[in-house]
1. Please count how many residues of the stretch A:71-125 are part of a loop (DSSP other than H, G, I, E, B), among the hydroxyl-bearing types (Ser, Thr, Tyr) and under 24 Å from residue A:61 (Cβ atoms).
2. Any chance the stretch B:379-399 includes a residue that's modelled with pLDDT under 95, surrounded by 17 or more Cβ atoms within 10 Å (Cβ to Cβ) and either over 23 Å from residue A:136 (Cβ atoms) or assigned by TED's automatic domain parsing to the domain that holds residue B:330 (or both)?
3. Of a type in the set (A, V, I, L, M, F, W, C), within 14 Å of another protein chain (Cβ to nearest Cβ), in contact (Cβ under 8 Å) with a residue 24 or more places away in the chain and closer than 30 Å to residue B:252 by Cα: does that describe residue A:338?
4. Among the listed residues A:130, A:150, identify the single one that is without any contact (Cβ under 8 Å) to a residue 24 or more places away in the chain, farther than 15 Å from residue A:285 by Cα and either within 14 Å of chain B (Cβ to nearest Cβ) or in a helix (DSSP H, G or I) (or both).
5. All but one of (1) touching a residue at least 12 places away in the same chain (Cβ under 8 Å); (2) assigned to a loop (DSSP other than H, G, I, E, B); (3) farther than 24 Å from residue B:329 by Cβ hold for residue B:220, so report the exception by its number.
6. So which residues in the stretch B:40-79 are within 14 Å of chain A (Cβ to nearest Cβ) and in contact with a helix residue (DSSP H, G or I) (Cβ under 6 Å, 6 or more places away or on another chain)?
7. Going by the conditions given, is residue B:69 closer than 17 Å to residue B:132 by Cβ and outside any strand (DSSP E or B)?
8. Six or more apart or on different chains, Cβ under 7 Å: which pairs go from a residue in the stretch B:1-27 that's in a loop (DSSP other than H, G, I, E, B) and loosely packed, with under 15 Cβ neighbours inside 10 Å to one that's modelled with pLDDT under 95 and basic (Lys, Arg)? Could you list them?
Amino acid sequence: MAEQAASEQEEKKGRLEEPAPKLILTSSPHQISQDSIERIMWTVVLSLAPASLAGLYFFGLGALYVLIVSVCSTLAAEAIYQRLSGAKNTVTDGSAAVTGLLLGLTLPPGSPWWLCVIGGFFAIIICKQLYGGLGFNPFNPALMSRVFLLIAFPLQMTTWPVPRALFSGIDASTGATPLGELQIARLTGKGIGKAAELNIWDAFSGNVGGSIGEVSAIALLIGAAYLIYKQYITWHIPVSMIGTVMIFSGIFWMIDPSKYANPVFHLFTGGLIIGAFFMATDMVTCPVTLKGQLLFGFGCGLITVIIRMWGGYPEGVSFAIVLMNIVSPMIDRYLRPVRYGAVKKVEVRS
Amino acid sequence: MWTIAGEGIHPTDRKSETSSIPVSEIKPPAKVVIPLSQHIGAPCDPIVKIGDLVKKYQKVGEAKGFVSSPVHSSVSGKVVAIGRFPHPSGNQSNSVVIESDGKDEVIDSLRENSDYLNLDPKELKDIIIGAGIVGMGGATFPTHVKLTPPKEKKITAVILNGAECEPFLTSDDRLMVEKSREVIEGMKILMHIMGVKDGHVGIENDKPGAIEAIQKSASGTNIKVISLAKKYPQGAEKQLIKSITGKEVPSGGLPMDVGIVVQNVGTAVAVYNAVRYGIPLVDRIVTVTGNGINRRGNFRIPVGTLLEHVISECGGLAGEPGKIIFGGPMMGIAQYSMFVPILKGTSGILVIPKGDVVLEDFRACIRCGRCVQACPIRLLPNMYSILGEAGKPKEAEEYYVLDCIECGCCTYVCPSRRPIVQQIRYIKAEMRKAKSKVA
């Protein structure tokens, strides 16, 4: 019995000794990568810098004005909403800045200030915060807002200033985008004729009419290459989306080149490149699996081609991506990776 | 630098801080606490009484049932207590406390065998059972159970796991460099028991010294050394088997379902010591490392030595400790007390100073898909995290949560800092609860 008591004493001592020093207890793993939402979002902003500068170069200060008002609108909308709803302020996480910048880049240069403000507030409040904030929005906020503006303000959203060099004075001349010309030629039924002729170098560098950020392929590709290098996007969505557009437009072009534009025209005009690399790849609204991303990109490409060839709008990238955003959760649900060891278990027991 | 390479990750590993430090002894502890549960399976029954004098290697806890393993004293001295003491698993466990007399007197009945490869497999297995050998990679599954597959499972190869993919840990690396002959001899015994001709030793290619040493010792045998790509979790049993044989262990199955038995290199040495010299498993190599400790290194530490003793033998804590991890940073267990003992499965002690511990609130999943790409089992960890947070463990079943090996890759890469593995553990626990209610 004395031994028992001694044992209990020892046991108690063990327990008493426990508290010091206080150790932190958490579940494993105890080591995590340095990546964060902030780092990802601000890197995306950085990757859009070349396209923004190209827009500034080709469209002048009118482009800069649109970008600044758009970004300020989304940041203000986020701050105001979070202040009013009592949620934690996340303006510095960069996601609102990305939305504002993407929105601005998809607006026509020289858009009026109120268009940018409406777009910015619509994107943040209606398309993101009302769903619960970052991570819960089913649609890409910038694109959904652009689609809203396109439907609500068609005149302002399709007034395209002709590109001209920076600082060359105020110039009010406007013209059509290559896709716009193609649509007019298509709808008048005279065959596409000269509308599908494109100076490749102009299209590649950005010297064509269009939204601020979509015109310069080279600037977009530089930014996209950086994102792929940083592993913030993978090649799957851009390659399958652009590939689908080129293959389908190529098939129809081969069938009747007098009625359909060639695939290179489709590649360099409109918002295909900015859409494929920067919009469709939005993490929140695209599928999480690589297989799902391939299917998603295919769907985006297919809808784009259908709208461009037969739709009522000259351009279909925004609609295509927003429509595919709807099916992202479904793709994730049904197109899962084949898990390790998913073969049928070998049952040898009799 | 780190990269996501798809199915696995490349975490900062900092192995170079200890990988070239030879294994050394520490001052023997004055007291050991030997838990009667150091393995997966039924805890042992104590077979000594308070006041008993015990010798080193003497059995103090007898295995209860087949899936169990006995424990032995790592010192000679007097049993001073038997009761519940802090256990590294975060609980308390029934333990035998022995005060050392400092003499390390060994029992007389050690049975040596110089001609061990001519022993009957049954006899060899009995020696392994008696020596209390369990998987020393950290899972601590009783070794003899793995060596006893049901008759219908035909075993074709034995794989020794020397991958040591956990960051910071170098205990297996040092063991392979310093005891390559024992590793190979232990492997021969394991192959003899299983009656197989093929043996592989899988080692990650960041350990050229270990690869060279094992290759040298294995020359002239059927044992092949496989240099594996460095990638966490290369050393997880399922990943190792896939890397070496190209086969995938069926979901819910065991390596024996594809004809493979996997053992850790440390286990092979323990098997050799038991069979050749009759020595039970009473010590192991432990890597002591991290910014929070004054002297890093690899040490041979008697089982039952208290953490506090090891820390003071390693120059003490450097500053205020934040976390003390048994095992590595990816899968190791945070300790709640300085008075937990080193176990047969303790491969490392990682001391993280308070300043280095990042405790951040987690945020919403932004569906970036990094966890999906990093998951070595190709599951959808994002869903577990969301369903766990929403308190819907049942729905996670549909996403094969039971296949998760809890390697931690998903949590490592998550930019929203979501505690995905913790949520998975919660889901699994809820599922177990629901199941036991039904039964």
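The values are calculated or read from the model by the stated rules, or taken from the named source; none is laboratory data. The structure presented is a predicted model; accordingly, all values stated were derived computationally and were not measured. So basically every Cβ, Gly included, is an ideal-geometry build from the backbone, and we count neighbours across all protein chains shown.
1. Step one: filter the stretch A:71-125 for residues part of a loop (DSSP other than H, G, I, E, B), giving A:86-90, A:94, A:106-112.
Right, trim to among the hydroxyl-bearing types (Ser, Thr, Tyr) and you get A:90, A:106, A:111.
Imposing the further condition that a residue be under 24 Å from residue A:61 (Cβ atoms) reduces the set to A:106, A:111.
Qualifying residue count for the region: 2.
2. No, there is no match, as no residue in the stretch B:379-399 is modelled with pLDDT under 95, surrounded by 17 or more Cβ atoms within 10 Å (Cβ to Cβ) and either over 23 Å from residue A:136 (Cβ atoms) or assigned by TED's automatic domain parsing to the domain that holds residue B:330 (or both).
3. Numbers: of a type in the set (A, V, I, L, M, F, W, C): yes; within 14 Å of another protein chain (Cβ to nearest Cβ): yes; in contact (Cβ under 8 Å) with a residue 24 or more places away in the chain: no; closer than 30 Å to residue B:252 by Cα: yes.
No.
4. On the way: A:150 fails: without any contact (Cβ under 8 Å) to a residue 24 or more places away in the chain.
From the options A:130, A:150, the qualifying one is A:130.
5. If we test residue B:220 against (1) touching a residue at least 12 places away in the same chain (Cβ under 8 Å); (2) assigned to a loop (DSSP other than H, G, I, E, B); (3) farther than 24 Å from residue B:329 by Cβ, just (1) comes out false.
6. B:50, B:51, listed by residue number.
7. yes
8. Correct list of pairs: B:5/B:231.
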